[in-house]
Amino acid sequence: MMNKLFLLALLLPLFSSAKSTPDSLVVLDLQHKNLSTLPNAIQFSKIGTLHLGYNAFVEIPKELIAAKNLNYLSMNFAKNLNLEASLNTIKQLHIETLSLNNSNLIYFPLEFGESKTLRNLYLKNNFIKTIPEYILIHGDFSSLDLDGNQISELPKEIKNQQNLNFLDLSQNTCINNSSTYQNLNLLPNLSELNIRGAKTLPFTLWDLNKLQKLDISEGVFTSVTTNTTNAN
């Protein structure tokens, strides 16, 4: 009996240490692991950047709400993600960056605009058709990547995004509209714009005097218009 107790005493530290992670660990990549839940043996309290893409999660893990240091969360290619079931969790996360590229999203949740910390949002290659005005009024974004969606119109409420400096609207039909660039002209900090695949380049595009980087690659231009009134 004494020998068994002695052996158990030796093993207890090993059991407890199996559920800890190094204090120095701030970036963790768990992609391509066929995960549907977070591993119990890993403590996420010190993690700042977490990659959970290419897994089988059906919702964003609620356990991450307690991860106070988590700043960057990517769950790209989350094909089974139930966004509706994840919205309450998203509101309580403390992250600045969320990436849900290629995740079969069909709408832009209002909760993204209600987050007090979310600044960088990547929703590339989904099926989003509209950007709710509510999000643009209440959110405060630095980066928005909406490449490869189905957005036909950029709401005029984009003018509220005064801190936006990166915007990717590539492969959305709204990039062919002159109103898109009229609205973007009201953003004082927009320095990088991607509109790959545009079929026409309205003259209002050239009024974006604060741009430092413009990507108009891919696709075939059927027209490049200029403001003939100003030209005269």
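The values are calculated or read from the model by the stated rules, or taken from the named source; none is laboratory data. Model, not experiment: these values are computed from the prediction. Quick note on the areas: whole protein, heavy atoms, side chains included, nothing else; ligands and nucleic acids left out. Shrake-Rupley method; radii C 1.70, N 1.55, O 1.52, S 1.80 Å.
I need to check one value: relative contact order of the chain, counting alpha carbon pairs closer than 8 Å and at least 6 residues apart, in percent. Spell out each step's value before the answer.
On the way: 507 pairs, mean separation 22.8, N = 232.
It comes to 10 percent, rounded to a whole number.
Counting only residues 5 or more places away or on other chains, whose amide H sits under 5 Å from the amide H of T21 once H atoms are built in the peptide plane?
HN-HN under 5 Å from T21: Q43.
Find the relative contact order for the stretch 163-203 and round it to a whole percent, using C-alpha pairs within less than 8 Å whose residues are 6+ positions apart.
Here the relative contact order equals 58 percent.
For the pairs K91/K129; K46/K91; K62/K156, note any where the Cα-Cα span goes beyond 32 Å. Before the final figure, lay out the partial values.
Values: K91/K129 22 Å; K46/K91 20 Å; K62/K156 35 Å.
As for pairs spanning more than 32 Å Cα to Cα, those are K62/K156.
Taking only protein heavy atoms and a 1.4 Å probe, what accessible area per residue, in Å², does the chain have with all protein chains in place?
Here the per-residue accessible area is 53 Å².
Of all accessible surface on the chain at a 1.4 Å probe, what whole percent is carbon and sulfur?
Summing carbon and sulfur atoms, their accessible area is 53 percent of the total for the chain.
Could you order T180, T226 so the one with the most accessible surface comes first? Probe is 1.4 Å.
If we order T180, T226 from most to least accessible, we get T226, T180.
Which of D207, D147, D23 moves most in a GNM of the chain, Cα contacts under 10 Å?
Maximum fluctuation in the GNM of the chain, among the listed residues, is at D23.
Residues with amide H under 5 Å of E59's amide H, sequence separation 5 or more or different chain, H placed in the peptide plane at 1.01 Å from N; which?
N82
When the Kirkwood radius is taken over all Cα pairs of the chain, what Stokes-Einstein diffusion coefficient follows at 4 °C and 1.567 mPa s, in µm²/s? All intermediate terms of the calculation are to be shown ahead of the outcome.
On the way: Rh = 19.8 Å.
Here the translational diffusion coefficient equals 65 µm²/s.
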